[in-house]
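Here's the structure we're looking at; comments come further down.
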Ligand code: ATP
Ligand code: MG
């Protein structure tokens, strides 16, 4: 059996701590399922930026290209502007490797307190379009400093881009409970979102097995709070998906457990797996970071690499660990350390 190759970028702050934990859990589950992964670690981070003037070397993208997947901790550190860590690493990776799906599973686990009452049944996935839409660089500022100053920002929605994200979401829904919700705002944004709606409806015709509806983003955000248990898969544009996935992670009880995947579903390029949280400088180096977000992201990676049974085992271990008060970290009201939670996960896997 040839090993699949993983590029590991622990990054900054608790990124390095939770990636250590994820690696330990991966070792345990891979041994059990006879999965071979071959890791190469890269020190690309804000520390590297301080030392060498760049988050990654000029041939960084080329280097990553040959891997089967990328496992990332978190990048960002006080004193280094957000646009450096974002545009110096994350966005180039997403774009170069055409990771057009941003996948954010949301669950309220037993033992995890959601801020919402009655949220126990929450189990859905936000699928965010990850490479086009509202986050474009097209536009500009005119009449700078004059009373009639203005700014224009164009959104880009392509037939190819909307079709492929819709197809991905419909297929995912078909593999789950068969229900898709599409986020829109075609009553107010009169060109791009009617186009989005049209293309989603066209793709729906190819997936008769999936029930679907379309909701305006404002009403949808309210339903995330009022009836989060009703969703299965939710698909949104880059901006809507961004907002909905953060809202959903908050509904799930802690940002420390939220995972994400940046996928190129065609597998032509490596996909990237990372916890939703950042480097959390306030708790870094104290051994108290919740490793579950990184561990769940690693499970998504196993699934993408074709090891669904191993991925499912990791999720089961997470459920068991979160269910016990003594193996919860401080963000979940417990007192367990990162190492203790990791040890509990490994114990469930052996
Ligand atoms: P960045 O700028 O890199 O996004 P940040 O501090 O702005 O970092 P996060 O790192 O996402 O944002 O963290 C927000 C807060 O949530 C942190 O201050 C931290 O206390 C808490 N937090 C985030 N991740 C975890 C985790 N894995 N375990 C425990 N607490 C966490
Ligand atoms: Mg932040």
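The values are calculated or read from the model by the stated rules, or taken from the named source; none is laboratory data. Small disclaimer: the values here were computed from a predicted structure and weren't measured. We place every Cβ from the backbone using ideal geometry, glycine too, and count neighbours over all the protein chains shown.
Miscellaneous remarks
- Scanning region 183-203 for residues being surrounded by fewer than 18 Cβ atoms within 10 Å (Cβ to Cβ), part of a helix (DSSP H, G or I) and in contact with a helix residue (DSSP H, G or I) (Cβ under 8 Å, 6 or more places away or on another chain) gives a total of 2.
- Residue match in region 325-332 (condition: within 22 Å of residue 7 (Cα to Cα) and either free of Cβ contacts under 8 Å to residues at least 24 places away in the same chain or touching a helix residue (DSSP H, G or I) at 6+ places or on another chain (Cβ under 6 Å) (or both)): no
- Number of residues in region 70-83 that are surrounded by fewer than 22 Cβ atoms within 10 Å (Cβ to Cβ) and either more than 13 Å from ligand 2 (Cβ to nearest atom) or under 16 Å from the mean Cα position of the chain (by Cα) (or both) equals 1.
- Checked against the criterion of being assigned by TED's automatic domain parsing to the domain that holds residue 277, over 18 Å from residue 313 (Cβ atoms) and away from ligand 1 (no atom under 16 Å from the Cβ), region 10-28 has no qualifying residue.
This table checks each residue for (1) in the same structural domain as residue 94 (by TED's automatic domain parsing); (2) within 16 Å of ligand 2 (Cβ to nearest atom); (3) within 21 Å of residue 127 (Cα to Cα).
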site: 275; (1), (2), (3): yes, yes, yes
site: 293; (1), (2), (3): yes, yes, yes
site: 305; (1), (2), (3): yes, no, yes
site: 331; (1), (2), (3): yes, yes, no
site: 338; (1), (2), (3): yes, no, no
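- Per-region count, region 117-138, residues surrounded by fewer than 16 Cβ atoms within 10 Å (Cβ to Cβ), within 20 Å of residue 92 (Cα to Cα) and touching a residue at least 12 places away in the same chain (Cβ under 8 Å): 2
- Test: residue 53 is more than 16 Å from ligand 2 (Cβ to nearest atom) and exposed (fewer than 14 other Cβ atoms within 10 Å of the Cβ): yes
- If the condition is being in contact with a helix residue (DSSP H, G or I) (Cβ under 6 Å, 6 or more places away or on another chain), in contact (Cβ under 8 Å) with a residue 60 or more places away in the chain and in a helix (DSSP H, G or I), then region 151-169 contributes only 166.
- Reported count of residues in region 320-350, each being loosely packed, with under 14 Cβ neighbours inside 10 Å and either under 12 Å from residue 292 (Cα atoms) or touching a strand residue (DSSP E or B) at 6+ places or on another chain (Cβ under 9 Å) (or both), is 0.
- Test: residue in region 84-91 that is away from ligand 2 (no atom under 16 Å from the Cβ) and assigned by TED's automatic domain parsing to the domain that holds residue 281: no
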